[in-house]
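First comes the structure, then the notes that go with it.
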Amino acid sequence: MTVIDIEGKFNDNSYLIDTRLMNQEKNLAHYVVENDGMRLMIDIGISSIPARKMVKRMKDMGIYPIHKIILTHSHWDHMQGVEIIKKLMKETDIEIMASEKALNSLRNPNIINDVFKNDFFKFSLTPTDDVIPLKEGDIIDLNGLKLEILNFFGHTPDCIAVFDEKNRNIFVGDAIIGVIGNSPFLPPFMPPTFSEEALLTTYQKLRNMKNKLNSISLGHFGVLTDEDFNRVIDEMEEFYFKVKDSIIKWYHENPSIESITSKYIKTIIANPDIPVEMFKMPVGWLVKGLEMSGFIEN
């Protein structure tokens, strides 16, 4: 197996936990890094029920409580559960950390997250205050295990990655790609603040550090290793342009989200058995991301 998608420990210090976005397995991940009794969570997932289940799984794995949380970016599915987790772990004074560029949108979450609201998602977002700002090159020290913060902008202007040099692993959130199994399925051009220029810079930064890595931990979903690690690094930019160019073409043929989604499933995912309804929402976000970035004109 070259994609680790089973909950549990996957290197000397790191654990994968399935956050079960929309109650679907292997859709959204968060990670816990532990060293000598100090534990850091990377991203937090959503809402109270998944958060309570997540706490139970952490207790079962022996990685409870958490002492620090890093948010890779300020999209709702990575930050909504912060206040819930703080209440569930009230015996611990948890430090919350995020990019210095995320502070405003975390304090005012609807700046970004209103873009994602529709009839399906009627979630509420609590402002997140008391966030420790992080910048490129900052080091998080977990009792001797040093984790480096890298700016991985593009998907949002506040995306950060967490580089674990000892374990040759990098946690990238949603900064580069999404996969199902070992197949790329979603590029990172999401509204409202996507930047192609910043994304291409991030891709090059990741390629430049390839010889320091053995694995990439994704927010959606799992840990890429071996040939899939190499394949994604080699093909992530090509995949981005393939999806972007295809959606623009399909939009001009027929702007219906249902039509675009049907073509996306058949062409990009290459699995005609996937129901169109299941992918209308993320494909709609991709279209909106291209519209708001000026690549599609109404």
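No value in this document is a laboratory result; all are computed from the given coordinates. Source: prediction; values computed, not measured. Note that each Cβ is placed from the backbone with ideal geometry, even for glycine, and that neighbours are counted across all protein chains shown.
Quick notes
- Whether the stretch 1-98 is rounded, prolate or oblate, judged on the alpha carbon gyration tensor where a/c under 1.5 counts as rounded: rounded
- On Cα atoms only, tilt of 226-253 relative to the major axis of the chain in degrees: 40
- Computed extension length for A270-T126: 48.0 nm, one decimal, from 0.36 nm per residue of separation with the Cα-Cα distance subtracted.
- Partner aspartates and glutamates whose Cα lies under 20 Å from the Cα of K166, excluding those fewer than 8 positions away in the same chain, are identified as D12, E34, D36, E136, D138, D141, E148, D226.
- Bridges between two residues of the stretch 3-236, per DSSP, are antiparallel at a rate of about 70%.
- Placing dummy labels 7 Å off each Cα toward the beta-carbon, the span from K9 to E165 is 2.4 nm.
- Label point of K212 set 7 angstrom out along Cα-Cβ; within the stretch 135-160, amide nitrogens under 12 Å from it belong to 137-139, 147-151.
- In terms of its C-alpha gyration tensor, the stretch 130-225 has an oblate overall shape, because the principal axis ratio a/c (a ≥ b ≥ c, square roots of the eigenvalues) is not below 1.5 and a/b does not outweigh b/c.
- Shape category assigned to the chain from the gyration tensor of Cα positions, a/c cut at 1.5: prolate
- Those aspartates and glutamates that a straight Cα-Cα span of less than 16 Å connects to K263, excepting residues fewer than 8 apart in one chain: D245, E253, D273, E277
- Charges were assigned to the Cβ only: +1 to each Lys and Arg, -1 to each Asp and Glu. The resulting dipole of the stretch 3-236 about its Cα centre is roughly 460 debye.
- 17 Å reach of a label modelled at I111, 7 Å along Cα-to-Cβ, counting backbone N of the stretch 183-203: 191-195
- When the listed pairs K53/K210; K86/K280; K101/K210; K68/K205 are checked against a 28 Å cut-off, the alpha-carbon distance exceeds it for K53/K210; K86/K280.
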